[in-house]
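The values are calculated or read from the model by the stated rules, or taken from the named source; none is laboratory data. On a predicted model such as this, the values are computed, not experimentally measured, just so you know. Note: ideal-geometry Cβ built from the backbone for every residue, glycine included; neighbour counts use all protein chains shown.
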Amino acid sequence: MDEKYFPEKIENKWQQHWSETKAFEASDDDPRPKFYCLEMLPYPSGFLHMGHVRNYSIGDALAWYKRLQGFNVLHPIGWDSFGQPAEQAAIKRGVNPRDWTEENIQHMRGQMKRLGISYDWSREIAAHRPEYYKWDQWFFLKMFERGLAYKKKSPVNWCPRESTVLSNEQSSGGVCWRCGAAVEKRELEQWFFRITDYAEQLVADIKQIESGWPEKVLKRQRDWVGRSEGAFIDFALKSGDQKIRVFTTRIDTIFGATAIVLSAEHPLIDQLLEDSPLKLQVMAFAERVKSEKAARGRVVNEEEQKEGINTGVLAVNPFSGESIPVWVANYVLIEYGTGAVMSVPAHDERDFEFAQKYSLPVRRVIERISHEQESIPHDVSSEDQSIAMQHAFTDYGILVNSGNWSGKLSADAIVEMAAYAEASDFGKAAVTYRIRDWGISRQRFWGAPVPIVYCEKCGMVPVPDQDLPVRLPDRAEFSGSGESPLAGVADFVNTVCPECGAPARRDTDTMDTFVDSSWYFFRYCDPRNESMPFNSDLAKAWTPVDQYIGGDSHAVMHLIYTRFWTKFMRDLNLVNFDEPVKKLLTQGMVTNRVQGTDEWKAMSKSLGNGVDPDEMIAAFGADAARLFVLFAAPVENELRWAEAGIEGAVRFLRRVYTMVWRWHERLSNGTTEASSDEPSAAARALRRKTHQTIAKITSDFEGLHLNTIVAALMELFNELSAFEAEPVAASTADVFAVREALESLVIMLAPFSPHAAEEMWQYLGHEGGLLNSGRWPQADAELAKRDELEIPVQVNGKLRSRVLAMPDVTEEQLRIAALADEKIRAFIEGHQVVKVIVVPQRLVNVVVK
RNA sequence: GCCGGAGUGGCGAAAUUGGUAUACGCACCAGACUCAAAAUCUGGCGAGGUCAAACUCAUGUCGGUUCGAGUCCGACCUCCGGCACCA
C-alpha cells in the first residue's frame, strides 16, 4: 500500500486483476436473479468521446450496484461496425474497410479497458463479422418467407451527398440524418420490411413500457407511428362511374366540404381527365408539382404558397348530394391516407388558406358549444357564415347546416356518420398510420448483403439457409457513383441459381445498418451460436433488457426498429414477450464551450471543442473522470464540461484514500462486530449518518439519481472527517463506528470509482476483491433515527425559532414547547393566537392576528 | 404554427412530492503552513441591513388557493428540444 493516491498504479493493478479472474463474465447457470444492463453499442469510429464515457459510466455504476446487491449481472458490449465511415475512408484514402474497422475496434477496446468499464468481454460481438451478419441474412429470409420483406419500385429518399437511399426515419425533416444534405426523391427498386403490419402493436404496446421509458421518447414514437382514427368516404363523380376515396378524421364536417383535392401524384388524375379540355393544363401542373417535390424531398414548405388547379370535374357529396369541384393541389400528400382529401375550409386551416387563395366557398357547419347560450345553435343562411370567418374553426362543437345531422355533437356525429356511410356502402370507419414500411436497401459495400439471387428462369430466389452467410468480397471498387460497389465485383455477382443451377446474379445491395442493431442484444445471450441467431431458452433467461442506456437521438430509429424486430422474433417463437426493453434512460449530451464563443455544443472534432478521454485518464485517472461525469449533473441533463470539476473529483478520492490510510492499521486487525461498549455520542451520530446515507443512496439508485448519490458520499465523508477531528476516546465502539462508515463509503463508491474502491477495500483488511467479499450495506432504520429533533417554529408561516424535542414527542407537547419559546412569545405578544398547526416530527406554525 | 420539457446563488445543482429554500461540489475571499509559490488544511460565501444581531427581500413575471407554495391552479415571458401541410 502506498501512502499517496496513485491512480495509474491502482487502475492498472485492478484492471489486470479483473481480467485474470474473469470477474465480470456472466454465467448462464447462475441461480441468482438476473439483471441485464445494456448500453447502446458504439460505432467504431476509432476514438471514444466523452459522450461514450458518460454512457458507459452510467451503465457501469448500475452494473456494479446490482452485482454488489447479489444479482447475476449481464453487462456486454460490442460494435455496430458496418456503415458509412468505413466506406468513406475506403473511398478517400484507399484503405480496406475491414482493416480500418478492426483497427478502430482494437483501439477503442483499449480505451474502454483503461476506463475500467466492467464488461463481459467474452461476449463481445461485431456486426461486420460473417458469424454475425449471417443472422441478419437469416432474419431477412424469415421475413421474406412471411411476406414481411418485399421489393418494390417506389420513390425513395435519396441522399445526393452519400449516394444512397435512406429510410423515412433517416430522412426526417427532409435532410439526411448523418450528413444533413437535403434529401431528394428517386424512383428505385428497393427492399422493404413491412413494419406497417406492426403499426398497431407499436402504439398499443406502449402501455407495457410506459412506466419505464421517458415520456418524450414515447411521445415521439406515438407521433412517428401516427395512428389516427377516421373514415374513408367515396365521392362518386357526377358523370361516369369513377369514385374518389378520401380519408378524413372529421366526417362531422362533411356538409362543409366545398371541394375534393387530389395529390398531384394521384393515380386517378389521368383517367378523370380523359375527355377534358383542361387535360394538358392539369397534367402540366401535376408534373411541375412532382418535380418540385422530387427536388425538395417533400411537398411545399410552409413559406411557400399552396397551389392548385381546378380539373373541371365534379364529384358528389354522398351525404348532401351536392356537386363539388375536383381540384389537384401541391399540398396533399400522396403517402398518407388515400392521397385525396375533402376540402372543408371552414374547419381546416390548410383548406381555409387554399380556399382564400382560390375564392372557394367557406361553409360553416360546426358551432362552438357555448355555456352561456342555452339554446342549440340554429342553421343560418350560408351568406352570413362566410363573412364571419377569419380563421378555420377546428375544435369539436355542434353540427349546423348539416341536414338531419344538425344539432348533434361532433364526437357523436363522427361515430354515427361513419356507421351510416358503411351501411349505405359509400365508406367506412378506418384507422390510418403515418408510419411507412422500412426501406432497408443500401447501395453500399460495407453492410450485410441481401441474400437474394435473380435467375432468368426461376426469378427471385432466396439463398438457402445452409448457404449463409453470403459473404462480402474482400475488396471492391469504390467509385462513389451511386450503384452499389458490389455490382462491380464479378466473383460476387455471378453465381448459380439455388433452384435450377443455371447462371444467376446476386442482389448487390446491402442492408441498412439499423438491421444489425435491431437484435444485437439478443446475440449477447448466446454470442457463439452457429446454428441459430441465439438459443431461445438463453434469450428467455436473460432478456428483456432490464435497463437500457443511450442518447435520445435514436428515439425513432433504433428504438422503434428494435421494438418491431422483437415482435417479429416473438412471432417466430424465438422470444416470449412483446417488448425488448423494460427501462430506458436517455442520457444528456456532453457539451463544451466552442472556443472564442459563449456557445456550448456537443463535443466534436470539427468544432475543436473535443476532450480526449485518454488525456483525462492520464491526467486525473479513470476513477476521477467517471466520478466527475456522474456527479456534475443529473444523468438526463446536458453536461457542460468543466475541467475544474474533475480536479474536485480527484481531491475527493485523494481525501478518502488518505483517510483509509490513516485508519487501515487500526481497522485491519479487529473490531468486526459492534461491541458492547457504550458508544460515545459522536459515534452514535456517525452511525446515524452512515445508515441514513445507505438508505438514501439505495433509494437514489433505483431512480438513477447518480449525482445526489455522489453528494451523499461526500457528506458521509465530511461527517467522518468531523468525527476524526473530535477528541474521542478510541473505544472499540468508536472504532467500530468508523469501520462501518468507511466500509460503507468504500463499497458505495465502487460503482463510481471501482479501482480506488477495490484498493481501499483491500487496505481495510479484506481479501479477494469487492465482488467476493463486499456486499451492499443494509440500512438499519433504528440506527438511522434521530435521537433529538430540531423543530422549526413559524409564526404566520415565517420561520421565527426552533425548539428541540425527542422523536416521540406528542403534538400537544410540541404545541406547548413552541408557545413557551421565548422568541415566539415575543412575536405573539399583543396578538390573538387563532390556531396552532403542528405537523408531527416536522414543524409548528402559530397563526395569530 | 403545433406538441413536449425547463427557468432556484457567480457556475453545475439539492430540496423526503405542500412543511427549516440554496444540501454537495466548482469558483471566489480570508487565515494556517512556506523564504515564497503550488499543494494541503481551517473558516467564510443569496441580496439588503448591522460592529454584531434583529429584521426585510429573494426559486422567470403577475395573480390565486392555503396556517404555510420552488412544489398546486390561472395568465403571461424567456430558453431548449421534437414535429412540421399526416386531412
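Taking the residues in the range A:319-345 that are of a type in the set (S, T, N, Q) and outside any loop (DSSP other than H, G, I, E, B) as candidates, determine which candidate is nearest to A:ALA284 (Cα to Cα). Looking at the filtered set, the residue picked out is A:SER343. Residues that are buried (at least 17 other Cβ atoms within 10 Å of the Cβ), at positive phi, in contact with a helix residue (DSSP H, G or I) (Cβ under 9 Å, 6 or more places away or on another chain) and not in a helix (DSSP H, G or I): does the range A:617-628 have at least one? Within the range A:617-628, one or more residues are buried (at least 17 other Cβ atoms within 10 Å of the Cβ), at positive phi, in contact with a helix residue (DSSP H, G or I) (Cβ under 9 Å, 6 or more places away or on another chain) and not in a helix (DSSP H, G or I). Scanning the range A:826-839 for residues that are surrounded by 12 or more Cβ atoms within 10 Å (Cβ to Cβ) and within 12 Å of RNA strand B (Cβ to nearest atom) gives A:ALA826, A:PHE827, A:VAL833, A:VAL836, A:ILE837, A:VAL838, A:VAL839. Across the range A:320-337, the qualifying residues are those that are within 12 Å of RNA strand B (Cβ to nearest atom) and either without any contact (Cβ under 8 Å) to a residue 12 or more places away in the chain or surrounded by fewer than 21 Cβ atoms within 10 Å (Cβ to Cβ) (or both), and the one among them that is nearest to A:THR258 (Cα to Cα) is A:TYR331. Is it true that some residue in the range A:806-818 is within 12 Å of RNA strand B (Cβ to nearest atom) and either without any contact (Cβ under 8 Å) to a residue 24 or more places away in the chain or surrounded by fewer than 16 Cβ atoms within 10 Å (Cβ to Cβ) (or both)? No, the range A:806-818 contains no residue that is within 12 Å of RNA strand B (Cβ to nearest atom) and either without any contact (Cβ under 8 Å) to a residue 24 or more places away in the chain or surrounded by fewer than 16 Cβ atoms within 10 Å (Cβ to Cβ) (or both). Return yes or no: is A:LEU62 modelled with pLDDT of 95 or more and closer than 18 Å to A:LEU749 by Cα? Judged against the criteria, A:LEU62 is a match.
Just one residue in the set A:PHE232, A:PHE255 is of a type in the set (Phe, Trp, Tyr), touching a strand residue (DSSP E or B) at 6+ places or on another chain (Cβ under 7 Å), modelled with pLDDT of 90 or more and crowded, with 19+ Cβ neighbours inside 10 Å; that residue is A:PHE232. Here A:VAL463 meets the list (1) farther than 30 Å from A:TYR119 by Cα; (2) within 16 Å of RNA strand B (Cβ to nearest atom) almost entirely, failing just condition (2).
Against the list (1) at pLDDT 90 or above; (2) closer than 30 Å to A:VAL629 by Cα; (3) of a type in the set (A, V, I, L, M), the condition A:ALA784 fails is (1). Could you list, in sequence order, the residues of the range A:57-106 that are among the charged types (D, E, K, R) and under 20 Å from A:ALA26 (Cβ atoms)? Matches in the range A:57-106: A:ASP60, A:LYS66, A:ARG67.
A quick yes/no check of all residues on (1) over 24 Å from A:ILE58 (Cβ atoms); (2) more than 12 Å from RNA strand B (Cβ to nearest atom):
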{"position": "A:SER604", "(1), (2)": "no, yes"}
{"position": "A:ASP612", "(1), (2)": "no, yes"}
{"position": "A:ILE617", "(1), (2)": "no, yes"}
{"position": "A:ALA625", "(1), (2)": "no, yes"}
{"position": "A:LEU630", "(1), (2)": "no, no"}
{"position": "A:GLU638", "(1), (2)": "no, no"}
{"position": "A:GLY648", "(1), (2)": "no, no"}
{"position": "A:LEU653", "(1), (2)": "no, no"}
{"position": "A:GLU665", "(1), (2)": "yes, yes"}
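Among the residues of the range A:349-356, are any within 16 Å of RNA strand B (Cβ to nearest atom), assigned to a loop (DSSP other than H, G, I, E, B) and either closer than 30 Å to A:TRP405 by Cα or at pLDDT below 90 (or both)? Looking through the range A:349-356, none of the residues is within 16 Å of RNA strand B (Cβ to nearest atom), assigned to a loop (DSSP other than H, G, I, E, B) and either closer than 30 Å to A:TRP405 by Cα or at pLDDT below 90 (or both).
For the range A:434-454, a tally of residues being assigned to a loop (DSSP other than H, G, I, E, B) and touching a Phe, Trp or Tyr at 6+ places or on another chain (Cβ under 9 Å) returns 12. Restricting the first member to the range A:562-576 and to residues that are of a type in the set (Asp, Glu), and the second to residues that are at pLDDT 95 or above, the beta-carbon pairs closer than 9 Å and six or more apart or on different chains are A:ASP571/A:ARG146.
Any residue at all in the range A:237-246 that's surrounded by 20 or more Cβ atoms within 10 Å (Cβ to Cβ), near RNA strand B (Cβ under 10 Å from one of its atoms), more than 17 Å from the chain's Cα centre (by Cα) and in contact (Cβ under 8 Å) with a residue 24 or more places away in the chain? Looking through the range A:237-246, at least one residue is surrounded by 20 or more Cβ atoms within 10 Å (Cβ to Cβ), near RNA strand B (Cβ under 10 Å from one of its atoms), more than 17 Å from the chain's Cα centre (by Cα) and in contact (Cβ under 8 Å) with a residue 24 or more places away in the chain.
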